Amino acid sequence: IIFENKPFNLPELLDNLKKVMQYKIKEKDLNFKLDISEDVSKVLIGDKLRLNQILYNLVGNAVKFTDTGFVKVRVRNIGETSDRVSLRFEVEDSGIGIPEDKVGAVFGTFTRIRTKARLFEGTGLGLSIAKNLVIQQNGKIGASSVLGQGSTFHFELNFEKGELSQMVKSAKVEERIEVDQE
């Protein structure tokens, strides 16, 4: 996998994620909350698409395995230098939870959770893909859970700090490329 290194707007990415998930969230009447610490840079330089894939898998699972209650996405600054920032993303839910002895296994390929009532749909690839995308970017991923009370999935990634002016330049370059292709 080749990772891109382009400027993107983090709050915009998270807002789009919420919009994509909105139908299922409303259908289940879940409380969905985005919580971005004030000290998190709004513009980051990194692979927006891969970050979105990771979050989509984690939030999608949280919504899938939560019938009542909430899903929260938190972003925290866990360290920075003058030009780089380390962020911790957490996706917490009040869903079915995972047995303690199975928490480590959920990142394995084709692993699915079974309950007496039902087998949840899906291929069992989402968390494995998310883990691989995080690790290939030199990040860390993990989970904690209490059966019947919910789960928290977290990952840490490093990004370059960006500036709003880079977003404008990047948008103009992409716009010019699209016009040239027509």
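The values are calculated or read from the model by the stated rules, or taken from the named source; none is laboratory data. Source: prediction; values computed, not measured. Here the Cβ is made from the backbone with ideal geometry for all residues, glycine too, and neighbour counts use every protein chain on show. Remember, those area values only see protein heavy atoms, side chains included, never the ligands or the DNA or RNA. Shrake-Rupley method; radii C 1.70, N 1.55, O 1.52, S 1.80 Å.
Side notes on the structure shown:
- For 96, 54, 135, the ranking by accessible surface with the largest value first comes to 135, 96, 54, using a 1.4 Å probe.
- For residue 46, residues with placed amide H under 5 Å, excluding near neighbours: 6, 8
- Rolling a 1.4 Å probe over the protein heavy atoms leaves residue 65 with an accessible area of roughly 30 Å².
- When both bridge partners sit in region 1-100, DSSP labels roughly 70% of those beta bridges antiparallel.
- Counting 0.36 nm for each residue step from residue 31 to residue 132 and taking away their Cα separation leaves a gain of 33.4 nm.
- Computed lengthening from residue 4 to residue 53, 0.36 nm per intervening residue step minus Cα-Cα distance: 16.3 nm
- Prolate/oblate/rounded label for region 1-60 (Cα gyration tensor, a/c 1.5): oblate
- A Förster radius of 22 Å, combined with the Cβ-Cβ distance separating residue 80 from residue 12, puts the computed FRET efficiency at roughly 0.60.
- Here residue 88 sits with roughly 60 square angstrom of accessible surface, probe radius 1.4 Å.
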